[in-house]
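Worksheet: one structure, shown below.
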Amino acid sequence: MKPDSPILLQQYWALRELLPEQHPEYPNISNYFRRQEAGQAGEDNLAYYLDQAQVPYLSCIKRLRLEHHSAFQHDWLVLGLGFRVIFEVKSHTGEIYFDAKSHQLTRIIDGIKEGFEDPLLQVDRQYANLRAYFTAHNIDQLPTYRFAVFVNPNAILRLHDYPEYQRVLTSQRVPTILENLAEKHPPILSKEANQQIKQFLVENHRERANSILEKHAILWDDLHKGLPCPSCNKRPMRRERMRWQCPFCRTRSTDAHHKLLYKIALLSNNRVTKQLASRFLCMKSPDAVRKLMVRAGFIKEGANKNAIYKHPKLIPFY
Ligand SMILES: [Zn+2]
């Protein structure tokens, strides 16, 4: 199952909100979050151009992650009736050129030179994985083209020396590329068969869900405790007579805890305990916390002391 927005992006969003700005890891987390966000925006940007292509029965899948021996991910996979395309999306800005000496893509932004992975090597590797995956699942192979697409209009591509410059595009060229490929490759599959393949792939999407606190060596102790007020954002709100009350601006809320519990679920790999939730909500009674979680739709797993509570929206990914 595929979530609307990548779990990893949501995790970095949650961590950035809960990590104090003075924490040494904060700039790094903020950076990760922005990169994930830019990646997502880049993928979304291409959707518009895919839609413009005048090719009947194209099925397009965004951010498909499959597992076969190891995991691999396509930014966009386009399934035509006679051909397929994998697009690797790049949201870089600045001047991008090919350095024939180092055989590397380089970009210059504000006078700073920076090398990055060759996107065509990346997308060709993905294709090798996809081919093996299709063979393993008895899915018909079709001619499959691979492109790197620079979606940011502020990117300036200087790739005349790049041996395969024809496979490096800006998003505006995508509709024409697809139309030309459709002309060259008449349908082999029926639209029903193509639809079935799409459905199979989407059902077999495996979302990436990491333990990001561990990855960045951040402790629960490092994070902000207390429920922030939805109006003035100060912490903590107090629990009074079955409601949350802000001691600073007097705002009251009945459901302000939902967002915070969701963040804790994201950061705990969906294993929230009563103790953990009590610490974040600054509530002394674990039983009252348990009731709050159950009423918020959390599903209990395990018994008594070892019980964990799972957010229903995240269950498919953990
Ligand atoms: Zn307030």
If one takes the longest principal axis of the Cα atoms in the chain, at what angle in degrees, from 0 to 90 and to the nearest 10, does the Cα axis of helix 174-184 lie?
50
Go ahead and estimate [θ] at 222 nm for the chain from helices alone: -39,500 (n - 2.57) per DSSP H run with n ≥ 4, summed, over the residue count, rounded to 500.
-11500 deg cm²/dmol
The equivalent-ellipsoid semi-axes of the chain, taken as the square roots of five times the Cα gyration tensor eigenvalues and listed largest first in whole Å, are 44, 25, 17
With a cut-off of at most 11 other beta carbons within 10 Å, and DSSP calling the residue loop, which trypsin sites (Lys or Arg not before Pro) in segment 92-127 qualify? Please list them.
101
Computed over the chain: relative contact order in percent, which uses C-alpha pairs under 8 Å that are six or more apart:
18
Of 215/300; 259/291; 274/300; 291/313, which pairs sit farther than 22 Å apart, going by alpha carbon to alpha carbon?
215/300
Would you list the P(r) distribution for segment 225-317, with all Cα-Cα distances sorted into 5 Å bins from 0 and each bin expressed as a whole %?
3, 15, 27, 25, 16, 10, 4, 1
Unpaired by the 4.7 Å Cβ criterion, cysteines found in the chain:
60, 282
Long-range amide H partners of residue 149 with built H, under 5 Å:
88, 89, 90, 169
Estimated FRET transfer efficiency when R0 is 51 angstrom, pair residue 45-residue 242 (beta carbons, to 0.05):
0.65
Using heavy-atom solvent-accessible surface (probe 1.4 Å) with all chains present, what is the largest-first order of 202, 174?
202, 174
Using 27 Å as the Cα-Cα cut-off, could you pick out the over-long pairs in 263/305; 234/284; 2/225?
2/225
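The values are calculated or read from the model by the stated rules, or taken from the named source; none is laboratory data. Note that the structure is a prediction, hence the values are computed from the model and not measured. Methodologically, a virtual Cβ is constructed for each residue, glycine included, from the backbone with ideal geometry; neighbour enumeration extends over all protein chains shown. SASA here: full protein model, heavy atoms, side chains in, ligands and nucleic acids out. Shrake-Rupley method; radii C 1.70, N 1.55, O 1.52, S 1.80 Å.
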